[in-house]
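A.B. asks: Have a look at this one before I ask anything.
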Amino acid sequence: MTPLSVAFVGSDSGTWTIERMDAVAGEPLPPARGLTVLEGPAARRLPEEADWALRGVTSNERYVTREEHDALEALQQGLGRPQATCSALIPIRKSQAWWDLSQDERRHLFEERSRHVAIGLDFLPAIARRLHHGRDLGEPFDFLTWFEFAPADAGVFDELVGRLRRTEEWSYVEREVDIRLTR
């Protein structure tokens, strides 16, 4: 995968309307009514009227096996589907205790104990998703998780997020904001 720079920009208007912003853990983001997703070179030039901007970059997969990768690839739908008029941006910052673990310890918590990939597979292809990394960019969130789905699948998405938040992995989340959007 070629890395893609992305900026999620909250302001008074945008291509997505913010329906709600909930601070699940830690501090909230400043209020905004709209969200625009900027990709590539456009992600470097932020609009002056932005209330906030979260930056990340797509990257290689970090915690999946070849078998899990192939299963995700077989079921996963792309972003931008016409029927996917609902979305969620969920920025997450994990604790220093998470980052103090070795890569294999994080993988063990991520999948063997929390079943993160297995849970996600249960909700494909209804929910499209893309992960953006912000930690190495010095951003306030380690991960920016972007999801798109049809209105009929909003309850399914809530179930996905609820299951993930009940895992051991989530005990390492120190800041999370759940932003729900429509277009």
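The values are calculated or read from the model by the stated rules, or taken from the named source; none is laboratory data. Everything quoted here is computed from the prediction, not taken from an experiment. Reconstructed Cβ throughout: ideal geometry from the backbone, glycine too, with neighbour counts over all protein chains shown.
A.B. asks: If you check every pair at least six apart or on different chains, which have Cβ atoms under 7 Å apart with a residue in segment 49-66 that is surrounded by fewer than 12 Cβ atoms within 10 Å (Cβ to Cβ) first and a residue that is of a type outside the set (Asp, Glu) second?
C.D. replies: Filtered contacts from segment 49-66: Glu49/Ser11; Asn60/Met1.
A.B. asks: Residues that are over 17 Å from the mean Cα position of the chain (by Cα) and of a type in the set (Lys, Arg): does segment 64-73 have at least one?
C.D. replies: Yes, some residue in segment 64-73 is over 17 Å from the mean Cα position of the chain (by Cα) and of a type in the set (Lys, Arg).
A.B. asks: Restricting the search to segment 128-156, which residues are over 24 Å from Ala53 (Cα atoms) and buried (at least 16 other Cβ atoms within 10 Å of the Cβ)? Steps first, answer last, please.
C.D. replies: As a first pass, look at segment 128-156 and keep what is over 24 Å from Ala53 (Cα atoms): 150-156.
Within segment 128-156, Ala150, Asp153 qualify.
A.B. asks: Let me ask another. Could you please find all residues in segment 67-85 being among the aliphatic types (A, V, I, L, M) and free of Cβ contacts under 8 Å to residues at least 40 places away in the same chain?
C.D. replies: Within segment 67-85, Ala74 is the sole residue that qualifies.
A.B. asks: I would also like to ask the following. Consider Val173 against the criteria (1) at pLDDT 95 or above; (2) surrounded by fewer than 19 Cβ atoms within 10 Å (Cβ to Cβ): it satisfies all of them except one. Which criterion is unmet?
C.D. replies: (2)
A.B. asks: Out of the residues in segment 151-183 meeting the condition of being closer than 23 Å to Tyr63 by Cα and among the small types (Gly, Ala, Ser), tell me which one is nearest to the chain's Cα centre (by Cα).
C.D. replies: Among them, the one singled out is Gly162.
A.B. asks: Another question, then. Checking Glu39 against (1) surrounded by fewer than 11 Cβ atoms within 10 Å (Cβ to Cβ); (2) farther than 25 Å from Arg165 by Cα, which test does it fail?
C.D. replies: (1)
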